[in-house]
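The values are calculated or read from the model by the stated rules, or taken from the named source; none is laboratory data. Here the structure is a predicted model, which means the values were calculated and not measured. Cβ placement follows ideal geometry from the backbone for every residue including glycine, while neighbour counts extend to all protein chains displayed.
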Ligand SMILES: Cc1cc2nc3c(=O)[nH]c(=O)nc-3n(C[C@H](O)[C@H](O)[C@H](O)COP(=O)(O)OP(=O)(O)OC[C@H]3O[C@@H](n4cnc5c(N)ncnc54)[C@H](O)[C@@H]3O)c2cc1C
Ligand SMILES: Cc1cc2nc3c(=O)[nH]c(=O)nc-3n(C[C@H](O)[C@H](O)[C@H](O)COP(=O)(O)OP(=O)(O)OC[C@H]3O[C@@H](n4cnc5c(N)ncnc54)[C@H](O)[C@@H]3O)c2cc1C
Ligand SMILES: [Ca+2]
């Protein structure tokens, strides 16, 4: 029997080897195999069904998540999955759960901040899930400003304990995922107070609930913080609120890798450098960048497939109408997002390399590259998550009215994704205060001082050239040359940073200048991060990439990514004189023709993500394109359709129609 | 007893008369009175409580909406409210309901397309709600392309009836609000077939359900299309699916104002011109523009108040931290949105005038201004709804993590608002195909032919000047001059349109050119629409505006609106040579200083919207700024907090912790 495939025609048009592209997307044959196996395992197990999520009440939704998490863990054990496989399996279950924080934040915090002894004690418990942990940093009153946290941890030398306390309402922990209902333990961040003196914010392992009956321990008040954006989405997670009424923990529950409190109440800095913490941040944020690529690719896959299915206008002589993917406006909104998914993929890959590099250097006592690595991961986290959040919503709009249905999968994808712009550092704060802008200004100020800029800022060493150079593009095709693109992005970024630095230098107090020019500094930081993404895409293409036509497609996508950015930020490029307006116009002409080249490959390029229909969770994005009958089927499942005459008719509709409202009880 | 007001200090800083500004915002003293009275009426009636919406299941949510709609109608009758008051009351109930479509689409369709006789028959029934109607145009397969609708209405001369039929799955009506469960009648759009010949798409009044027991009539299948984006939000609405199996209706149920089918089966064009339909469109879209201003103002109100409450970083010597509204990046994201709410308000006001003008002209048989009015309302609908949708989400992000909670009100506001970008014309289709771009290209092509451009395109008559002129700004303050701003926007818009026209002229087939250049045409259309908004704001300020300091504040907002746009679209202004990059930089300097001027007035400017806490529906946006304790209270109401140990612990958490997973049934 032939399988139904309304997109078969589209698939035949592809000019490259899709299977080879799948390997490129996954990162390696091995990564592809794991991901392929795990996604099928999840998709074929009815216990992981997720299409009913939007219909469940909060309580049922949460209980269902607990069930899935336990089932996933059971499968992981039964099948003796490796860590890599287990991570992939949890990923494809595709439902935010307390286990994300347990594995993604609690365990790494202990690994990163715990002494060897502490790791030996706690990690095995965590690995076997004999305890469930979360990461309790943010409070009701403080998120971005970690140094402003109010929870206290006061050392009591009499009992050799810390007293964890929440002195105010706003000091309640607020937001930690997994905290509300599931966690038995938390890494709690609190101000360390020893002998009346403050020693900054540190992490403490605190048991929250009894391991016998899950009741909160004395002095601990814990609850869920309530509904969040969207149906399903992040409401599967028990983000929690937590306050302490003088809760006592043993001294050895302070994470003491970088700072110790001794039995005698001495505060001792260990010889492990504080910068180590940055290493963990680089790790977490590199994961967020890959996740951005994944989330955006799901949305782009849905919008691309549906745009090939959907026809509207343009029927000639009674023939079929035009596929909306053939409209240039649709292409102009969709293809740059498709290109971005690949761009983010490759910059994410590069970040994995960077993390390894940083780790090795740290072990060798070399901290020189850390500030640059830290700034660049923070910036890339900010830029990729912002584009992804907006991009998912754009993909939803690209699906017209039907994108608004939960069954399109896009609303839940969006609602579940957007907090990535806020957690692990608010995107604006990251660009501005935390690192990027400050790092760039420092780098610029040191140019000419003999100190060579490193890593992703290395181009700034060519400051004299980049300040003066003129873009050489004379015809549209010149914009296909990697060097032309790269130089334009470098010139724009450098000139924006230099302009900021010059303006800053006019302030007598640099902090005043920094505050006043904040918006411009953010723009300069974005320009720098975009350059990084473009340059890593270009570097990727200098590698050997097997598979017929694969490299060619990636080149097209790379050019689309760069030229669409160039058009969107044309104001930057023109105002810095990095290109002329004629050149901007040529770039745009080239962009249009690239759209035409990518068009026949669009479906195959999203097929290369290798997503199961289960994972995509979208009727509009179904592999087979069989959209309309399935939309219909799905609609009929709504509980509201259990009866044709709705509940409430007798009380609230009939009295209106019969003009008997006055006497009705409402 | 003193009332709590954490924002009292902010309110004292205002440099203008807030009460006078309230009148300006409302449009008149009378409009203010009505709106103030109705919003209080709703807020004080516990029957209209809405904070529990996100927690309700779909069925309960819908039943609750039916209850509120009936209660509202009861109050309207009891209090003998005028039409204006009733509309305001329904607005402040703030819950999408079938009544929106009944009053907003069904009644106007009959008024606009029905003959006098038909109006006499149907309108009284509708006015008394003895029937409930909806507007059934869109089908599963066709939304934007109305001419592609598949439902048929075939005239049967034997019985003097039309046979309404759904020949395919994709011909099912799909999306109409109120259709799924509440409506007894619909205006159904279908292809008219008489004697085997097609006569285009027309409206028919079709009864869907029995007035006795609400059961669908024979041949009619109707249901709800299922969950949509967000908690609460549009899920209160029964958007429906409907198909017809040869349903017979009387001939006089075709809406026959512009075209008639006689007893003999003759199709007769009436002497009422078809353009009349555009009049209705102008009406509906002007309402959407005002609604955009309202929705954005709610978001801006929440984000502004919370930004004054929220403090993060910058504490000096243990003093309070900085209010986040004082950060320039926060201002740079927030204040242009605040300015946009006012800008959209005034352009909405102007559209009301335009609608009146068009209506009067139509009655006098003058159709000359109709195409321009139609293009401009379509364009303004598109531009204002897009900015509003993005703007609400930006306001949510401006609230950091807490904006992600349903109790912030922002998620529901967003999810409920975004379809405005899609319904009543997809925003891209409106700019491109439907009207704006085509109208602009036509106008440009006729320049110099002696035909004077009218209305909002009048500036194009100065084509020679605008092609050549150079912006005169030499210092930052020059950007405060209305003429400088206006000319820059006119030059940019004209030059973009002219450039498109020139490119178009190179195509031998204009339609090919139009398709190829679609993205640029959309950009030119946006530029034209932004000019309209800026110019109407400036015109408003030329009027007498009473109240101390009121005009001054509006001038600041007008300048912020224009200069923020100029910065955002700097690429357009520079590439067309409408300003120099030096001038762009001066404009940006001016913008920063305008932020400083508006800052002390920010809270008062959102107070001027006069929103009750009920209507705002946001803990972050509370009038009194008492955010933290209320967030806490709200969280504890979540059903998940009914027990401290969650449902599911025994089955799904305990077995993990106790390592008894193998034997557990999951
Ligand atoms: C879904 C979700 C899950 C989370 N999970 C966890 C978790 O597991 N554990 C945990 O500890 N926390 C968690 N958080 C909390 C999260 O880390 C914080 O919300 C985040 O750090 C932002 O801080 P904030 O909410 O205080 O924002 P705020 O800092 O209050 O931001 C408000 C506004 O002020 C601006 N702003 C703030 N400071 C500055 C400045 N100096 N300059 C310019 N602008 C500024 C911001 O840009 C923003 O627009 C989670 C949050 C969410 C939404
Ligand atoms: C909440 C909601 C309420 C609604 N209420 C009603 C109602 O009461 N009654 C009713 O009849 N309908 C209603 N609708 C339907 C609504 O009017 C349609 O969804 C809308 O007209 C868009 O049409 P579409 O969904 O077919 O989008 P499509 O036309 O399928 O759009 C898909 C994509 O194709 C693009 N596209 C389409 N044509 C072109 C073109 N020619 N050139 C370039 N790009 C193109 C669009 O820009 C979009 O990106 C409602 C919809 C929603 C979401
Ligand atoms: Ca956006």
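Count of segment B:596-624 residues, restricted to those that are within 14 Å of chain A (Cβ to nearest Cβ) and surrounded by 23 or more Cβ atoms within 10 Å (Cβ to Cβ), is 4. Could you list, in sequence order, all residues of segment B:214-245 that are in contact (Cβ under 8 Å) with a residue 12 or more places away in the chain, outside any strand (DSSP E or B) and either at the interface with another protein chain (Cβ under 7 Å from one of its Cβ atoms) or under 12 Å from residue B:181 (Cα atoms) (or both)? B:214, B:225, B:227, B:229, B:230, B:231, B:236, B:237, B:238, B:239, listed by residue number.
Scanning segment A:400-424 for residues that are touching a strand residue (DSSP E or B) at 6+ places or on another chain (Cβ under 9 Å) and under 13 Å from residue B:421 (Cβ atoms), we see that the one that is nearest to ligand 2 (Cβ to nearest atom) is A:401. If we scan segment B:173-188, do we find a residue that is under 17 Å from residue B:256 (Cβ atoms) and away from ligand 2 (no atom under 16 Å from the Cβ)? No; the residues of segment B:173-188 include none that is under 17 Å from residue B:256 (Cβ atoms) and away from ligand 2 (no atom under 16 Å from the Cβ).
Checking each residue in segment B:444-458 for being more than 13 Å from residue B:376 (Cα to Cα) and either crowded, with 21+ Cβ neighbours inside 10 Å or not assigned by TED's automatic domain parsing to the domain that holds residue B:580 (or both) picks out only B:444. Filtering segment B:626-635 to residues that are surrounded by 15 or more Cβ atoms within 10 Å (Cβ to Cβ) and either within 7 Å of chain A (Cβ to nearest Cβ) or touching a strand residue (DSSP E or B) at 6+ places or on another chain (Cβ under 9 Å) (or both) leaves B:628, B:631, B:632, B:634, B:635. Annotation: of all residues in segment A:354-404 being out of contact with any helix residue (DSSP H, G or I) (no Cβ under 7 Å at 6 or more places or on another chain) and touching a residue at least 40 places away in the same chain (Cβ under 8 Å), the one that is nearest to ligand 3 (Cβ to nearest atom) is A:400. Can you name the residue in segment B:178-201 that is more than 20 Å from residue B:140 (Cβ to Cβ) and more than 14 Å from every other protein chain (Cβ to nearest Cβ) and is also surrounded by the most Cβ atoms within 10 Å (Cβ to Cβ) among such residues? Here the residue is B:192. Scanning segment A:299-318 turns up no residue that is in a helix (DSSP H, G or I), touching a residue at least 40 places away in the same chain (Cβ under 8 Å) and closer than 30 Å to residue A:107 by Cα.
Of the residues in segment B:390-440, how many are away from ligand 1 (no atom under 16 Å from the Cβ) and outside any helix (DSSP H, G or I)? The total comes to 6. Of the residues B:477, B:523, B:490, B:548, the single one that is touching a helix residue (DSSP H, G or I) at 6+ places or on another chain (Cβ under 6 Å) and either in contact (Cβ under 8 Å) with a residue 12 or more places away in the chain or within 29 Å of residue B:446 (Cα to Cα) (or both) is B:490. Please go through segment A:570-595 and pick out each residue that is outside any helix (DSSP H, G or I) and crowded, with 19+ Cβ neighbours inside 10 Å. Across segment A:570-595, the qualifying residues are A:576, A:578, A:579. Which of the residues spanning segment B:410-422 are more than 27 Å from residue A:239 (Cα to Cα) and more than 7 Å from chain A (Cβ to nearest Cβ)? Correct list: B:420 only. Being more than 28 Å from residue A:52 (Cα to Cα) and modelled with pLDDT of 95 or more is the requirement here; does residue A:108 meet it? So residue A:108 does not fit the description; no. Per the conditions (1) modelled with pLDDT of 95 or more; (2) more than 16 Å from ligand 2 (Cβ to nearest atom), the sole criterion not satisfied by residue A:358 is (1).
Among the listed residues B:145, B:165, identify the single one that is over 30 Å from residue B:615 (Cα atoms) and free of Cβ contacts under 8 Å to residues at least 24 places away in the same chain. The conditions single out B:145. Residue A:296 passes all but one of (1) within 14 Å of chain B (Cβ to nearest Cβ); (2) out of contact with any strand residue (DSSP E or B) (no Cβ under 7 Å at 6 or more places or on another chain); which number fails? Against the list (1) within 14 Å of chain B (Cβ to nearest Cβ); (2) out of contact with any strand residue (DSSP E or B) (no Cβ under 7 Å at 6 or more places or on another chain), residue A:296 comes up short only on (1).
How many residues are surrounded by 23 or more Cβ atoms within 10 Å (Cβ to Cβ) and within 16 Å of ligand 2 (Cβ to nearest atom) if we restrict to segment A:384-393? Summing the residues that are surrounded by 23 or more Cβ atoms within 10 Å (Cβ to Cβ) and within 16 Å of ligand 2 (Cβ to nearest atom) in segment A:384-393 gives 3. Here is the figure for segment A:447-465: residues that are in contact with a helix residue (DSSP H, G or I) (Cβ under 7 Å, 6 or more places away or on another chain), under 18 Å from residue A:530 (Cβ atoms) and assigned to a helix (DSSP H, G or I) total 5.
Taken over segment B:465-474, the residue count meeting the criterion of being without any contact (Cβ under 8 Å) to a residue 40 or more places away in the chain and crowded, with 19+ Cβ neighbours inside 10 Å is 1.
Within the bounds of segment B:432-440, is there any residue that is away from chain A (no Cβ under 14 Å), within 16 Å of ligand 3 (Cβ to nearest atom), out of contact with any strand residue (DSSP E or B) (no Cβ under 9 Å at 6 or more places or on another chain) and over 18 Å from residue A:401 (Cα atoms)? Taking every residue of segment B:432-440 in turn, none turns out to be away from chain A (no Cβ under 14 Å), within 16 Å of ligand 3 (Cβ to nearest atom), out of contact with any strand residue (DSSP E or B) (no Cβ under 9 Å at 6 or more places or on another chain) and over 18 Å from residue A:401 (Cα atoms). One residue is enough: does segment A:144-152 have a residue meeting the conditions within 26 Å of the chain's Cα centre (by Cα), within 9 Å of ligand 1 (Cβ to nearest atom) and under 15 Å from residue A:247 (Cβ atoms)? Within segment A:144-152 (the criterion being within 26 Å of the chain's Cα centre (by Cα), within 9 Å of ligand 1 (Cβ to nearest atom) and under 15 Å from residue A:247 (Cβ atoms)), the answer is no, since none of the residues qualifies. Condition check for residue A:159 on (1) part of a strand (DSSP E or B); (2) surrounded by fewer than 24 Cβ atoms within 10 Å (Cβ to Cβ); (3) out of contact with any helix residue (DSSP H, G or I) (no Cβ under 7 Å at 6 or more places or on another chain); (4) touching a residue at least 24 places away in the same chain (Cβ under 8 Å): one failure, at (1). Residues of segment B:248-256 include none that is assigned to a loop (DSSP other than H, G, I, E, B) and surrounded by fewer than 15 Cβ atoms within 10 Å (Cβ to Cβ).
None of A:497, A:407, A:493 is within 14 Å of chain B (Cβ to nearest Cβ), on the phi < 0 side of the Ramachandran plot and surrounded by 22 or more Cβ atoms within 10 Å (Cβ to Cβ) except A:407.
Number of residues in segment A:242-268 that are in contact with a helix residue (DSSP H, G or I) (Cβ under 6 Å, 6 or more places away or on another chain) and modelled with pLDDT of 95 or more: the value is 1.
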